[in-house]
1. Of the conditions (1) under 16 Å from Pro156 (Cβ atoms); (2) modelled with pLDDT under 85; (3) within 20 Å of the chain's Cα centre (by Cα), Ala12 fails just one. Which one is it?
2. Test Leu33 against the criterion of being at pLDDT below 90 and in contact with a Gly (Cβ under 8 Å, 6 or more places away or on another chain), and give yes or no.
3. Using the structure shown, decide if Gly81 is of a type outside the set (A, V, I, L, M, F, W, C), farther than 18 Å from Ile147 by Cα, crowded, with 20+ Cβ neighbours inside 10 Å and at pLDDT 70 or above.
4. Which of the residues belonging to region 1-59 are small (Gly, Ala, Ser), surrounded by fewer than 17 Cβ atoms within 10 Å (Cβ to Cβ) and within 15 Å of Tyr70 (Cα to Cα)?
5. Of all residues in region 39-66, which are out of contact with any Phe, Trp or Tyr (no Cβ under 7 Å at 6 or more places or on another chain), small (Gly, Ala, Ser) and assigned to a helix (DSSP H, G or I)?
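The values are calculated or read from the model by the stated rules, or taken from the named source; none is laboratory data. All values reported here derive from a predicted model rather than from experimental measurement. Cβ sites come from the backbone with ideal geometry, for glycine too, and all protein chains shown count toward neighbours.
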Amino acid sequence: MTLSAIRPTALAGVAFCVLMMAVALSLEHIVGLEPCPLCIFQRVAVIAAGLVLAVAAIHNPKGGVGRGIYGLLGLAAVGTGAFIAGRHVWLQGLPADEVPSCGPGLDYMMDILPMQEVVAMVLTGSGECAEIDFMLLGLSLPAWTLIGFLVLALAPLRMLWLAIKR
């Protein structure tokens, strides 16, 4: 194994995705915190990044093009998650009188609306997404998730660096 192989980087990213999901699921099922729609979308982004990184680890491309493609796909998933987490943090920082009213649940929206409208409504946010249910060291869960996405971005960025360096 050489220092230029992407498998170790991809596997480290997968491990971090597993850690992020383990924390999220523990907070849901052990602590009892119900995820809001934005939290669920952040989980989807973590899973998407994990899948891209897992495929990259399995494939372990030797050429710069393959590394670059996996790096870009991973960065797209991580960037999407970071955007959603950032939006969530912004929504939680709004004054109470500017917080949007609570909308229907995600399950209901998925049943009656086209996916494009569901995504638009979720990203607009609702009152339930603005609630801060849990703080750790002065930061809300979406803030910690945003930090997690920034750390996770190191894996696809390294893959891109290895693609360019090649």
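1. So Ala12 meets the others, but not (2).
2. On the way: at pLDDT below 90: yes; in contact with a Gly (Cβ under 8 Å, 6 or more places away or on another chain): no.
No.
3. It is false that Gly81 is of a type outside the set (A, V, I, L, M, F, W, C), farther than 18 Å from Ile147 by Cα, crowded, with 20+ Cβ neighbours inside 10 Å and at pLDDT 70 or above.
4. Of all residues in region 1-59, those small (Gly, Ala, Ser) come to 4-5, 10, 12-13, 15, 22, 24, 26, 32, 45, 48-50, 54, 56-57.
In the following step, the residues that additionally are surrounded by fewer than 17 Cβ atoms within 10 Å (Cβ to Cβ) were identified as 4-5, 12, 15, 22, 26, 32, 54.
Ser4, Ala5, Ala12, Ala54, listed by residue number.
5. Matches in region 39-66: Ala45, Ala48, Ala49, Gly50, Ala54, Ala57, Gly64, Gly66.
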